[in-house]
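Quick notes on the structure that follows.
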Amino acid sequence: MIKRGLLSAAALVLAVSPLTTFADTGSKLLATGGASTIEGAGGGGIVPWATLSSYADTGEWGATVNISEVAVDDFRLSVQGASLSWNNRVELSYAQQTFDLSTIGGELEQKVVGAKVRLFGNLVYGDWPQLSVGAQYKKNQKFSLPSAVGALDDSDTDWYVSAAKAWLDGPFHRTWVANLTARRTRANQIGLLGFGGDNEQNAKWVAEASVAAFLNRYWAVGVEFREKPDNLSFAKEDAWKDVFVAYFPSKTVSVVGAYTDLGSIAGLDDQSGWYLSLQAAF
Amino acid sequence: MRVLSIVFLLLLSPVVVGQSLYQQLGEKEGISSIVEEMLYRVGGDERIVHHYDGVDIVRVHKLITEQVCDVVGGPCDYSGDTMKVSHEGMGVTHADFNALVEHLIIAMEKHNIPVSAQNQLLAKLAPMYGDIAEK
Ligand code: HEM
């Protein structure tokens with residue numbers, strides 16, 4: 001599954017890259033488009049950032065397509081996503097998630113439609129961080145299992161505020177980027193297990209954070225953390241964490257690999273494993 | 001975990017010890033050829049070259065070289081106008097500014113300037129954004 005997905009994305013990237021010239025890709029600096037999250041929005045792997053996906057700067061349009069695979073002990077998540085952004089101001093995104101319950105059997109599905117707007121500030125220049133707000137409308141498409149374990153709704157909207165800042169000459173004379181996101185959500189396991197539950201019906205604020213260091217302008221390493229609600233009594237839900245390496249060989253392609261710890265999912269503890277994501281930007 | 005320790009070594013190792021930033025940039029001669037390479041690339045960039053219509057590029061080359069040499073602690077005294085005055089009314093956008101910075105980074109890469117020195121210079125120039133780019 002990973003292999004087929006990645007190969008077809010690689011073929012797509014190769015097919016389109018000769019058509020795009022360097023200026024066409026957009027004027028934002030390399031890597032400032034970030035990677036693609038599993039929910040489609042631009043960001044790290046699991047945390048949406050205040051940065052907008054693609055390299056579209058003042059007056060420019062940009063788009064990305066991406067695929068991601070997360071393989072932990074008893075589950076596997078496959079994501080296909082795309083985004084469109086304009087003027088380093090607005091980002092629209094879409095993601096289709098398939099969650100394979102390898103051990104339990106069966107699969108869950110969800111689609112996520114997102115929008116993000118940069119309110120003010122700038123990742124690289126000036127004293128203020130870049131501040132964005134976003135929304136993610138999520139629709140669970142395989143609701144019978146989530147409903148059976150106590151989830152209340154098959155769709156809902158997450159709201160978030162993100163602040164991101166880069167330090168060009170940070171510790172070790174490396175460029176560092178930090179992002180903080182506050183999200184209001186009632187999603188169970190990001191929505192794959194529906195929304196709200198018998199423990200807690202209402203949305204709450206959760207904290208998400210990422211820190212990355214650029215070894216040079218092509219390679220970055222970092223960590224991410226994502227707090228989650230715990231709405232269902234049938235199984236506890238943990239925060240998600242990962243340690244990642246990102247590679248930006250050009251403005252058209254980026255690859256992120258991570259070691260990820262998703263804690264307990266649906267009663268199965270210590271779910272850890274690998275995350276791999278490939279993005280093409282235009 | 002092995003990947004992580006390699007990455008950590010990479011993070012630490014390229015910090016060049018004992019040389020000043022001015023020296024790492026190749027002193028006046030090195031800075032002059034980096035700025036030349038940058039302006040040469042600007043000349044081929046349709047996004048921003050229009051800003052330079054009718055500009056005395058030899059003079060701009062001399063002044064930017066002088067300014068870079070000055071801000072990195074070299075033995076130069078910048079003799080041009082302030083960034084605010086010299087870019088007034090030009091309508092430099094965020095995209096334009098990034099385009100020039102990108103050419104500077106590539107010019108430094110071509111001159112094998114260590115990443116740590118590149119970052120130090122960029123951090124000294126980035127605060128000029130507010131005076132150069134339009135709001
Ligand atoms: C960190 C970024 C920049 C630095 C350090 C810088 C530095 C300078 C310096 C020292 C001068 C000469 C000042 C004088 O005439 O006394 C100058 C002039 C000029 N700069 Fe910049 N500049 C930067 C960004 C830009 C950008 C982004 C553009 C447009 C794309 C630009 C376009 C020009 C032009 C057209 C002139 C010539 C003005 C004239 O002679 O009439 N500069 N710059």
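The values are calculated or read from the model by the stated rules, or taken from the named source; none is laboratory data. Remember, predicted model here, so these are calculated numbers, not experimental data. Cβ placement follows ideal geometry from the backbone for every residue including glycine, while neighbour counts extend to all protein chains displayed. In case anyone asks, the SASA skips ligands and DNA or RNA and just uses the protein heavy atoms, side chains included. Shrake-Rupley method; radii C 1.70, N 1.55, O 1.52, S 1.80 Å.
If you go through region B:52-101 and keep only what is open to solvent by 80 Å² or more (accessible area, probe 1.4 Å), under 17 Å from B:A133 (Cβ atoms) and near the ligand (Cβ under 7 Å from one of its atoms), you end up with just B:D81. Checked against (1) within 29 Å of A:N231 (Cα to Cα); (2) within 14 Å of chain B (Cβ to nearest Cβ), A:S162 meets all criteria but (2). Might you check whether a residue that is open to solvent by 10 Å² or more (accessible area, probe 1.4 Å), at pLDDT 95 or above, under 16 Å from the mean Cα position of the chain (by Cα) and more than 25 Å from A:L262 (Cβ to Cβ) occurs anywhere in region A:90-98? Within region A:90-98, one or more residues are open to solvent by 10 Å² or more (accessible area, probe 1.4 Å), at pLDDT 95 or above, under 16 Å from the mean Cα position of the chain (by Cα) and more than 25 Å from A:L262 (Cβ to Cβ). Inclusion of A:G121 among residues that are modelled with pLDDT under 95 and either under 29 Å from A:F214 (Cα atoms) or surrounded by 15 or more Cβ atoms within 10 Å (Cβ to Cβ) (or both) is warranted. None of A:A258, A:A239 is at pLDDT 95 or above and either surrounded by fewer than 17 Cβ atoms within 10 Å (Cβ to Cβ) or out of contact with any Phe, Trp or Tyr (no Cβ under 7 Å at 6 or more places or on another chain) (or both) except A:A239. For first residues located in region B:117-135 and facing chain A (nearest Cβ under 8 Å) and closer than 16 Å to A:L29 by Cα, partners that are more than 9 Å from the ligand (Cβ to nearest atom) and open to solvent by 40 Å² or more (accessible area, probe 1.4 Å) and lie 6+ apart or on another chain with Cβ distances below 6 Å form the pairs B:N119/A:D169; B:N119/A:H173; B:A123/A:D169. Tell me which residues, restricted to region A:157-214, are open to solvent by 50 Å² or more (accessible area, probe 1.4 Å), charged (D, E, K, R) and part of a strand (DSSP E or B). Listed by number, the residues that qualify are A:R184, A:K204.
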